[in-house]
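Below is one structure, written out as structure tokens; comments come after it.
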Amino acid sequence: MGDFNYQYKDRRMDGTLSSAPKEWTDLLDDYYIDIFGDDKQITWHSGRNSAILDYVFCSTNAHHQIPSIHQQYLSPEWTDHELLGFTFKYQDNNGRGPGSWKANPFLARNRQFRKALAEFLLANEEQFTLIKSFSIPQQQWDWVKAEVKIYIKSFQLEDLNWRKKQLHQLLSKRNKMMRQHKHRGLVFQGLDHVNTQIKLLQHTIAEIEILKAGKFWRENGEKSAGFLKRRALARENQRSITELRDPTTDELCRDQQGISTIATNFYSTLFTPDPTDSVALSTLIRSIPGHLKISSEQQESLMLSIDMEELLEDSKHTRRLSSPGPDGLPYEILYLVLKYPPLQALVTDVFNTALQKGKFPKSWNETIMCLLYKKGDPTHMKNYRPLSLANSDYKLFTRCINRRIMDVSTQLISRHQLGFIPGRYIAENVAEQRDDDPTFGSLDADIGLLLDQEKAYDRVNLDYLRHVLLKFGFPRPLVKCIYKLMGDNLIRINFNGHLSSEVAKLRGLKQGDPLSPILYNLAFEPFLLAIINDRQFQGYLMGTERTKLLCYADDALVFVHDSADLARLQIHMSRYCGASNAKFNYDKVEAFSVSGRDTWDIWETSLAQIHINHLHSVEDDVPLIYLGFPLVQSRLQRVNFMGSLVTKIKIATQIHSTRSLSVVGRATVLNSLLLSKLWYILRVTPLTLADFKQLRSLAIQFLRKNIFPVIPWSVWTLPKELGGLGVIDIQLQASALYFRWLQPLLVYDQSTIDAHPVSSLLSHHIRNVNNCQFHQIPLLFPSSRSQGLLKQRTGTVDMIYRAVDYLPRSFGSARINTATAMALPLQAAVFVPPSSSFVLPLRVKEMMVADVFQYDSRLNFVHWKDTRDPSLLTWKRTPSTVFKGLATGKLQFQPYFEPVCSPAPLEDSVVSFAPLIEQFRLLDDQPLGNVQASAKAFRQAVLSSVVSPLALRKISASSWKFFWSLSLTTVQRNVIYRLILGRIPHRRFLHFIMPKVFVSPLCPVCLSMNDSPSHLLFHCPSKEKVWQGVIFEFLWPTTSILDIKEALLQLDFSNVWYCQIAGIKPFRILIITLGQLWLAHMRFIYDNVPMDHTAILASIRTSVRQTIAEDQCHSLL
């Protein structure tokens, strides 16, 4: 296709052209077809000359795949050719269908539409009254939705698209004129006028789009993480299912009808319930203890009437991008309908009847199902996840029911189940399983089994679910409602935009339904309870507590002690399958050694019987992945995991490094797109200091590319209100994420800690590792840690140590009691003053205060033991050395310890570290106990004590906030920020660091003065002329260059307040000028373009006009 530069129709009788060989024309005639044929009009215009010079040929075997063609006139200022267009269907047999209709949710933001919709509903009240006379409320509601759908389809935004519509009409008119062969003379008299109108409209539309794009990029391109993410990742091609394997014949089917048949047969079978084992069902139901039952008050709360305020609040706070169901009405449109007062009584009636009687509108039982590819062979239906797209009003109802069930289910579902339960956290299972203490089970052969269920949600038997809900005490009307919501459904599968025939869904929960996650947890709970309450099942002794399983939704991790445990587990699995229709994939079950040791020889026979052929241990090269977290059991596994992680981040940084981003854009990309890959795994995955250094190096390379002199890492990570760029420090963030595990250990008493599995395990672990009675001591006093950060293996405790060491604290004002003082390490009670030369004996690190002090219960104070006390002989000369140091003042007591050495009134003698822990402070001087454990609060507390460079400190936080809010180009923001920070690459600096390359410190432009940032941008004679021209043309005449420089360096523009041009602020003029001066200087350095102040002023004028136009572009629409 393209400009042939000759008229193919003028070929000679022998088929040749003077400008083309016969072989070429024969090839076109024999194997290709001109897709426009006789419909083509003139494609080239030049003055009074015109001809058909542009062609699109298509091979004869693909010509039928071009359903439409079009020819469009373009402005002669752009090209002297017309645009030839066509539609080509790449997948003819399985081409994409129309799919299901969906209303544009942005219509709800249009005032004209909202007004028109209200008028439409008002106009239909009379017809609605008639409908009510012969229909039930459910039918009336479906009628209302159907009418709204019809109206929205017919609604046109006339004003918004009038230019494009008019352009389309003019092009159609021109094409008709070109086909009027009989009246060609008369037609051409009006053709020039039509062409002029087309040209003007095309130019106007193009200019508006350019202005909109420029404004949108300035406002979002550097600061919006969501915008950058959408633009950074190329939009994934819409996945089409082009072929499926027939399970009966094992042959691939590629035609649309065959694919649809295979899928409908697969889901018809999947959604048809199997008979349940009544004995297994009753046994499993009995495993639910009698006390796990909701109260009568909770039953009443579940059945409370739904009011309109609740529905409006829910619809207003729903996810904006949620896909609607078959009716095509998104939440935004539904909200407008619900707000219409005459319909509100009907809506509440429909919703409450659904809750109390299980009667639904017919549209609630209709669902479109989309298939999302997971992994594995894409020709097998089992490798797709069925996502149900239900109507928005249906999801609004189930959201309401889900919230009520959530409120009562926390007490019903065991603490081992973390999936979709408020207040529970996915990483707790991994933190609880991750065992860094070598004394835990090091000699045991315990294993863990990661169970895998086939189509877990889709196979739940609804009769089984009903028995479980009734056993838990849910009201029968609610159970009936849920049963019908999940069971009385007709589904149509969306294949490449084509909808299949209806499939009856009689089993399973709907993936994508707000209600499904909590219902699955309740359905799965009897299986978990059966294992937990099985006295013959031992599980794994984790710390001081025996743990049998951990679970997140359908991902169950079961700990097995021996072959007897494995046999018991198989019994429970078989019973659960018989009762609920569940199906376990034994060939996908992952087994691993809890201790890490290779115990395959012990388990080979037992595991092989259930088709498990591998036991993961330290002998494996890569770690097992559980819930997305690596279960690292050896140094090699950690190295390999880090290698793959670093490779992924490195590839991502290389992709984003090609983009033209300012310092703000780079910081945003790094935080939102690159480092965000780390935050999930860092919640429970310990990394070494070398790992953090490697990751930080990748971040620094990305940030510093093409920026010289470099901006220090400490400035990149400063908060933006302090003049930094807000990059999240990787190591600090890792500690901030571990703050979730640290805070309970500091603020809660031991009984509360012991009630929480993860906190209890960590407390036991810290005490065990440090051989101490209280876990708070190693956390508060680093000197008391028997294993610190220097050991070869980095574990969870090391990460907690790093986190607590980050927190600012001062124990000077703390007041402890005598019991706490006696429990401290001796090294925590004393310190060596800076002026002293005293050297603490090495054995002091091993001693406790109680080893050398004794408590006087009569006077309530502690004092040094008698030097003749036999217990001091254990420590040889160390006690006397310490005593002499204290007596001479070369060694002193800590401020919090000194008061307990004097007699005092009797007080509580319970050991309490609260006075010390209260000295930890986060933001607003809040103690740890009053602050929610958040990574952001932790980072802010740590960074609050950081001192920024002097150049940044001179600027107020409000001025920085103003600067970051400005919509600037990449060059403008980079130049002004580097100017403030002192990172402009002037010739004097370059000469200082590379004298052999840059032989002179003089300015390369004027060659008369030593270069500097001020000289480069302000005081070089050629630059001064530019600033003087800007002052004369745009600013108040008395403004000086010094005023401008100070305003830019301080980000304080109060002294530059006047602008001679309307529509733009004076500070924008200064920033535009600074950017243009920088560009001109770079062109001089790299391209040898002379520094012409008149040319620079002309580019400044252009940029100013463009900025004003971009800011005012919406007034043109």
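The alpha carbon radius of gyration of segment 810-919, expressed as a multiple of 2.2 N^0.38 Å, is 1.05. Given a cut-off of under 8 Å on Cα pairs at least six residues apart, what relative contact order in percent is computed for segment 984-1116? In percent, rounded to a whole number, it is 18. Please label the shape of the chain as rounded, prolate or oblate, based on the square roots a ≥ b ≥ c of the eigenvalues of the alpha-carbon gyration tensor (a/c under 1.5 means rounded; beyond that, a/b larger than b/c means prolate, else oblate). Judged from the Cα gyration tensor, the chain comes out oblate (a/c at least 1.5, b/c at or above a/b). In straight-distance terms, cross-link reach from LYS1025 covers every one of the aspartates and glutamates whose alpha-carbon lies under 17 Å from its own, apart from those fewer than eight places away in the same chain; here that gives GLU1033, ASP1043, ASP1092. For segment 971-1091, the calculated P(r) over all alpha carbon pairs, in 5 Å bins from 0 to the bin holding the longest distance, is 2, 11, 20, 24, 20, 12, 7, 3, 1, 0, 0 percent. Taking only the Cα atoms of segment 438-582, the ratio Rg/Rh comes out at 1.08, with Rh defined as the Kirkwood radius. Checking every one of the trypsin sites (Lys or Arg not before Pro) in segment 946-1036 against DSSP loop status and a limit of 13 other Cβ atoms within 10 Å picks out LYS996. Segment 1059-1117 and segment 593-629 have Cα centres separated by 66 Å. Shape analysis of segment 623-699 based on the Cα gyration tensor places the equivalent ellipsoid semi-axes at 26, 12, 11 Å, largest first. By the beta-carbon count within 10 Å of each Cβ, the least crowded to most crowded order of ILE649, ILE1085, ILE518, fewest first, is ILE1085, ILE649, ILE518. Charges were assigned to the Cβ only: +1 to each Lys and Arg, -1 to each Asp and Glu. The resulting dipole of segment 984-1116 about its Cα centre is roughly 280 debye.
Applying both filters, DSSP loop and at most 12 other Cβ atoms within 10 Å, to the trypsin sites (Lys or Arg not before Pro) of segment 867-907 gives ARG868, LYS876, ARG877. Given bins 10 angstrom wide, list per bin the percent of all Cα-Cα distances in segment 449-520, short to long. Calculated over all Cα pairs of segment 449-520, the distribution is 17, 45, 28, 9, 1 percent.
Within the same chain, lysines fewer than 8 places from LYS884 are excluded, and of the rest, those with a Cα less than 28 Å from its Cα are LYS845, LYS865, LYS876. Whole-Hz Karplus values for segment 824-839 come out as 7, x, 4, 5, 7, 8, 10, 8, 9, x, x, 7, 8, 9, 5, 10 Hz, taken residue by residue from phi with 6.51 cos²θ - 1.76 cosθ + 1.60 and θ = phi - 60°; glycine and proline positions read x.
Per-peptide packing, taken as the mean over residues of other Cβ atoms within 10 Å, places 733-740, 399-406 in the sequence 733-740, 399-406 from highest down. Considering only LEU252, THR276, LEU304, and ranking their Cα positions along the charge dipole of segment 249-339 that arises from unit charges at the beta-carbon of Lys, Arg, Asp and Glu, the one farthest toward the positive end is LEU252.
At full extension, SER414 and ALA567 could sit 52.8 nm farther apart than now, given 0.36 nm per residue minus the alpha carbon distance. Each residue in LEU873, LEU334 was given a count of other beta-carbon atoms within 10 angstrom of its own, and listing them fewest first yields LEU873, LEU334.
Given R0 = 30 Å, the distance between the Cβ atoms of GLN257 and LEU387 translates into a calculated FRET efficiency of 0.85. Along the axis of the charge dipole computed for the chain (Cβ charges of +1 for Lys and Arg, -1 for Asp and Glu, origin at the Cα centre), the listed residues TRP600, PRO289, PRO995 are led at the positive end by PRO995. Would you work out the relative contact order for segment 810-919, in percent, from Cα pairs under 8 angstrom that are 6 or more residues apart? Relative contact order of segment 810-919: 45 percent.
The relative contact order of the chain comes to 9 percent, based on Cα pairs under 8 Å that sit 6 or more residues apart. Exposure proxy ranking for MET1082, MET799, MET178, based on other Cβ atoms within 10 angstrom of each Cβ and starting from the fewest, stands as MET1082, MET178, MET799. Hey, got the dipole for the chain? About the Cα centre, +1 on K and R Cβ, -1 on D and E Cβ, debye to the nearest 20? In debye, rounded to 20, the chain gives about 2520.
Computed over all pairs of different Cα atoms, the Kirkwood value for the hydrodynamic radius of segment 1027-1117 is 14.0 Å.
With a Förster radius of 45 Å applied to the C-beta separation of LEU1079 and LYS316, the computed FRET efficiency comes to 0.45. Estimated from helical segments only, the mean residue ellipticity of the chain at 222 nm is -14000 deg cm²/dmol, where each DSSP H run of four or more residues counts as -39500 (n - 2.57).
Quick note: the coordinates plus some simple rules give every number you see, no bench work behind them. Here the structure is a predicted model, which means the values were calculated and not measured. So basically every Cβ, Gly included, is an ideal-geometry build from the backbone, and we count neighbours across all protein chains shown.
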